[in-house]
1. Would you please give the residues with an amide H less than 5 Å from that of residue 97, counting only those at least 5 places away or on a separate chain, with H modeled from the backbone geometry?
2. Taking H as built 1.01 Å from N, whose amide H comes closer than 5 Å to the amide H of residue 73, not counting residues under 5 places away?
3. Which FRET efficiency, nearest 0.05, do residue 54 and residue 239 yield, Cβ-Cβ r, R0 41 Å?
4. Provide the per residue accessible area, probe 1.4 Å, for segment 99-255, rounded to a whole number of square angstrom.
5. Rounded to whole Hz and in sequence order, give me ³J(HN,Hα) for segment 3-17 from the Karplus expression 6.51 cos²θ - 1.76 cosθ + 1.60, θ = phi - 60°, writing x for Gly and Pro.
6. Given the chain, what percent of its DSSP beta bridges are antiparallel, to the nearest 5?
7. Ignoring any ligand, DNA or RNA, what whole percent of the accessible area of segment 38-111 comes from carbon and sulfur when the probe is 1.4 angstrom?
8. List, in order, the whole-Hz ³J(HN,Hα) value for each residue of segment 31-36 obtained from phi through the Karplus relation with A = 6.51, B = -1.76, C = 1.60 and θ = phi - 60°; use x for Gly and Pro.
Amino acid sequence: MLTIGKYTFQSRLFLGTGKFSSLDVQREAVEASGAEVLTFAVRRLNISDPNQPNFLEKLDLSRYTLLPNTAGATTVEEAIRIARLARASKLCDMIKVEIIADPKTLLPDPAATLEATKILVEEGFTVLPYTNDDPVTAKKLEEAGAHAIMPGGSPIGTGLGLLNPYNLRWIIEQSQVPVIVDAGIGSPADVVQAMELGADGVLLNTAVAGADDPVKMARAMRLAVEAGRLGFEAGRIPKKRYASASSPMEGLVTT
Ligand SMILES: CC(=O)[C@@H](O)[C@H](O)COP(=O)(O)O
């Protein structure tokens, strides 16, 4: 069970809803992923005119918790405005704060993210900031009241996996709130690695939406989250420099 603020979830896989080749594929992939939390850019959603096409229209939204995100924001003010708009539109009071500092790398702006987090926590939102893999920033976000920390594995959409597992492990070890590894996941192996590090969950989009078979990949990601979490809970063996026989002779009774 994963608890973020007042919300609890069985699934530890958070799925993005963009980039799918069709809304039918999106619906099937969401179903196969077992995700309970779906994220989307508020800026892409048609909030004002219900008669216009809506990229979430094929989903039975009553089955999911929506996690609006502030994608597209480059300043604190924009992120705050988007978050307020999402809450006023009754989407959810949970918000993924995403403030991008650089259009080429899409890396987040840690200072702006921290400031926006403080304001939104103050306003009563459940705040999940997308940040870099710096443990110092992660700590500051937690102290500012963030309900979960979402460090990037690697830049959004790259599929490069976890570029700095050491930092991610530090963030996981120090955090008293859930850590959701977000962005850059390329394959189920990346998911297993994040979950075995002790991440409380992962958020991904491109790896599923861009796969040759998104529905099959969504299922693979679901299984990877479960396998990685089980492996973490089970406790892996320590790595050793030298071999030890799998069928040791010591202790055997000889006649
Ligand atoms: C959907 C969303 O919120 C993205 O900004 C997120 O960070 C996922 O990144 P990937 O597409 O790399 O999985």
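1. 128, 130
2. Residues meeting the amide H criterion: 100.
3. Rounded to the nearest 0.05, the efficiency is 0.25.
4. Dividing the accessible area of segment 99-255 by its residue count gives 53 Å².
5. 10, 10, x, 8, 9, 10, 9, 7, 7, 9, 9, 9, 10, x, 10
6. 15
7. On the way: 2000 of 3830 Å².
The nonpolar share, carbon plus sulfur, comes to 52 percent.
8. Rounded to whole hertz, the list is 4, 5, 6, x, 5, 9.
The values are calculated or read from the model by the stated rules, or taken from the named source; none is laboratory data. Please read these numbers as outputs of a predicted model, since none were measured by experiment. Using ideal geometry, Cβ is built from the backbone for each residue, glycine included, and neighbour counts are taken over all protein chains shown. The area values use the complete protein model at the heavy-atom level, side chains included, leaving out ligands, DNA and RNA. Shrake-Rupley method; radii C 1.70, N 1.55, O 1.52, S 1.80 Å.
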